[in-house]
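The values are calculated or read from the model by the stated rules, or taken from the named source; none is laboratory data. Here the structure is a predicted model, which is why all the values come from computation and not from measurement. Reconstructed Cβ throughout: ideal geometry from the backbone, glycine too, with neighbour counts over all protein chains shown.
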Amino acid sequence: MRVVIVGASRFGTSTAQELLANGHEVVLVDEKPERLKAAREHLDCGMVEGDGSLPTVQRDAFGDHADALVLLTNMDDVNILAAVVGRSVGFPRVVPQIVRPELLSVCEELGLTDLITPHAMVARSIVRVVEGGADAALDLRHFKGVQVLGYRIGKRCHGWTASDFELPEQARIIGLARGEEGEDFVFDIEELREGDRLILVASPKAHAKLDALFAEPPEPARNDKDPD
């Protein structure tokens, strides 16, 4: 599959990297040459410098064929315009990123049904952590490299508050799931209890440090023999 991505942001380059790893062909489009230069250091794909909402630029990226156009700029209006232009250029599938909910109805009216909604993705992932009682990361690699993590609180951290954790710079606590089935989600954390699941958002770079931070020390070995 040949995919054109407009927007060489972290989200765009992460998506390109994932597609390339899966064996697809990628063309990355951005109007800022410094972004493309940075992307060339770790991406082996086609690159087109220019405004990705313009027909001439899209046709250049389309080449002799393309299967999909993914719009990942930071501006919803640009993504919508580029999606409309992409359909006229001939892309079989256009997938714009939309952040503002009030624009979803506009996309519906334009017939843009394949949408990327990052805030909704994160919200659904948090709910899955809470409802599913997950102790490990949910895979949100497509959301700018950020993942939602759930860590169970053990005896060592019982009674702690959120400020007691020395978190890595790339991690933030967003709340906790409490109850046997994680049915209560608490944003204002006063005191942690053993069995709570602390919910964080974190960069992949922070995972090892977080795993070590929340690891429970092994139970001391018991010696049932009478002392000499």
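Would you please name the residue that is surrounded by the fewest Cβ atoms within 10 Å (Cβ to Cβ), looking only at residues in the range 136-193 that are aliphatic (A, V, I, L, M) and at pLDDT below 70? Even if it seems obvious, please write down each step before you answer.
The first filter runs over the range 136-193 and keeps only residues aliphatic (A, V, I, L, M), leaving 136-138, 140, 146, 148-149, 153, 162, 167, 171, 173-174, 176-177, 186, 189, 192.
Pick out the ones that are also at pLDDT below 70 and you get 136-138, 140, 146.
Details: A136: 12, A137: 20, L138: 16, L140: 18, V146: 22.
Step by step, filter the range 136-193, then rank; the result is A136.
Tell me, please, whether a residue that is at pLDDT below 85, within 30 Å of L210 (Cβ to Cβ) and within 11 Å of the chain's Cα centre (by Cα) can be found in the range 98-108. So far as the range 98-108 goes, no, none of its residues is at pLDDT below 85, within 30 Å of L210 (Cβ to Cβ) and within 11 Å of the chain's Cα centre (by Cα).
Would you check which residues across the range 11-24 are surrounded by 15 or more Cβ atoms within 10 Å (Cβ to Cβ) and farther than 18 Å from I80 by Cα and list them? Don't jump to the end; show me each part of the working.
Here is the first cut: in the range 11-24, the ones surrounded by 15 or more Cβ atoms within 10 Å (Cβ to Cβ) are 11-17, 19-20, 24.
Residues satisfying the conditions are T13, S14, T15, A16, Q17, L19, L20, H24.
Scanning the range 1-60 for residues that are closer than 14 Å to V78 by Cβ and hydroxyl-bearing (S, T, Y) yields S9, S53.
Please work out which residue is modelled with the lowest pLDDT, limiting yourself to the range 109-120 and to residues that are within 18 Å of the chain's Cα centre (by Cα) and surrounded by 14 or more Cβ atoms within 10 Å (Cβ to Cβ).
Just the residues of the range 109-120 that are within 18 Å of the chain's Cα centre (by Cα), to begin with: 114-120.
Now drop any that are not surrounded by 14 or more Cβ atoms within 10 Å (Cβ to Cβ), which leaves 115-118, 120.
Numbers: L115: 79, I116: 76, T117: 71, P118: 63, A120: 60.
By that ranking, first place goes to A120.
Looking only at residues in the range 38-50 that are touching a helix residue (DSSP H, G or I) at 6+ places or on another chain (Cβ under 9 Å) and either farther than 20 Å from D64 by Cα or hydroxyl-bearing (S, T, Y) (or both), the one that is surrounded by the fewest Cβ atoms within 10 Å (Cβ to Cβ) is H42. Within the set R59, R35, the sole residue that is within 21 Å of the chain's Cα centre (by Cα) and either exposed (fewer than 14 other Cβ atoms within 10 Å of the Cβ) or not in a strand (DSSP E or B) (or both) turns out to be R35. Here A66 fulfils each of the conditions (1) exposed (fewer than 13 other Cβ atoms within 10 Å of the Cβ); (2) of a type outside the set (D, E); (3) touching a Lys or Arg at 6+ places or on another chain (Cβ under 6 Å) apart from (1). Among the residues that make up the range 13-26, is at least one of them in contact with a Lys or Arg (Cβ under 6 Å, 6 or more places away or on another chain), part of a strand (DSSP E or B) and modelled with pLDDT of 95 or more? For the range 13-26, residues in contact with a Lys or Arg (Cβ under 6 Å, 6 or more places away or on another chain), part of a strand (DSSP E or B) and modelled with pLDDT of 95 or more: present. Counting only residues that are assigned to a loop (DSSP other than H, G, I, E, B) and either surrounded by fewer than 21 Cβ atoms within 10 Å (Cβ to Cβ) or among the small types (G, A, S) (or both), the range 69-80 holds 2 of them.
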